[in-house]
Amino acid sequence: MAEEQKQGQAVPSEAPARAEGGAPSHGGGQGGHSGPRREGGREGGPRREGGPGGGPGGPRRGKRQYFRKKKVCKFCVEKMDLIDYKRADILSQFVQERGKILPRRMTGVCARHQRWLGVAIKRARNIALLPFAGSAAGATAPRAVEAHKS
Amino acid sequence: MEERLYDLIFIARPATPEDEIKKVISSIEHACTDKGAKIEKSEHWGTRKLAYRVAKHREGMYYYHQIRTTRGELIVELERRLHVQDAVIKYLTIRLDEDLKRQKKLGDKREKRAARRPRRPAAAPPAPVPATPTAEPQAAAN
């Protein structure tokens, strides 16, 4: 133990570099863990944000909270007070390819409508109008249900 | 006893013969009339591709009914009947009246708010309404 500490002290220039590199030494074990992971997260940030719009005004690299869609809630604009679970074409705009519900920061929906949207999407999933996440994800775009004259 | 509104959707196997479907629908209708319920809407959405496989089928025939009743136990009876039928692979009942009530309340509130604060039209000159405070700063700006 004492020998390792002496070694750590004898080579102070290498120890931080080693911690940065991520080699789990005893001294830099704790720090080394979060270090590279956070770096990886930061690098992954702008790659995701560069896709939809690039993040207006905020620094490209950096925390995700700078990314903000300036859009308004579509339902508030159209003054929709009831989100119909039968309208799979509307609901599918807020659902990923794999069937997962898109988060609010991607779609710009307000909190209230996001709650109602979640309820409607889950109902639509139960009646096979939308897929459950990861199950036979949509080969065809969902279309609105139309009543047939029978 | 307040009236409740329900949406009933069931999915039948694709290419089910017409008379089997008629049997299912008439069973629903009889159950409704026995318990004093009213079928408001009855639609057939045709054969749709399902979002996932149900009972090894990729397509299904969708039937939709809207039922108005005061007795909730009717739904238990309807679902029991649908469960028994072989042709029906999936069904779902949704209670709608609370949602519609909330929608109506929000719509009324919105209209009341819009009526209380009249928006002046963009083309016409501002009408001199003494009560609204917005007219005065506009006049001052002009």
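The values are calculated or read from the model by the stated rules, or taken from the named source; none is laboratory data. Bear in mind the structure is a predicted one, so any value in this text is a computation, not a measurement. So basically every Cβ, Gly included, is an ideal-geometry build from the backbone, and we count neighbours across all protein chains shown.
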Return the pairs, sorted by first residue and then second, in which the second residue is at pLDDT 90 or above and not in a helix (DSSP H, G or I), the first residue lies in segment A:71-96 and is under 22 Å from B:Arg95 (Cα atoms) and facing chain B (nearest Cβ under 10 Å), the beta carbons are less than 6 Å apart, and the residues are 6+ apart or on different chains. A:Ala88/A:Leu129; A:Ala88/A:Leu130
So B:Asp34 ticks every box in (1) at pLDDT below 90; (2) away from chain A (no Cβ under 14 Å) but one. Which box is left unticked? (1)
Might you check whether a residue that is more than 9 Å from every other protein chain (Cβ to nearest Cβ) and at pLDDT 90 or above occurs anywhere in segment A:122-137? yes
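Any idea which of B:Arg80, B:Arg68 is under 15 Å from the mean Cα position of the chain (by Cα), more than 20 Å from A:Ala128 (Cβ to Cβ) and surrounded by fewer than 20 Cβ atoms within 10 Å (Cβ to Cβ)? Before you say what the answer is, go through the steps one by one.
Details: B:Arg80 fails: under 15 Å from the mean Cα position of the chain (by Cα).
After applying the criteria, what remains is B:Arg68.
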Quick check, is B:Ile11 surrounded by 11 or more Cβ atoms within 10 Å (Cβ to Cβ), in contact with a Ser or Thr (Cβ under 9 Å, 6 or more places away or on another chain) and within 14 Å of another protein chain (Cβ to nearest Cβ)? no
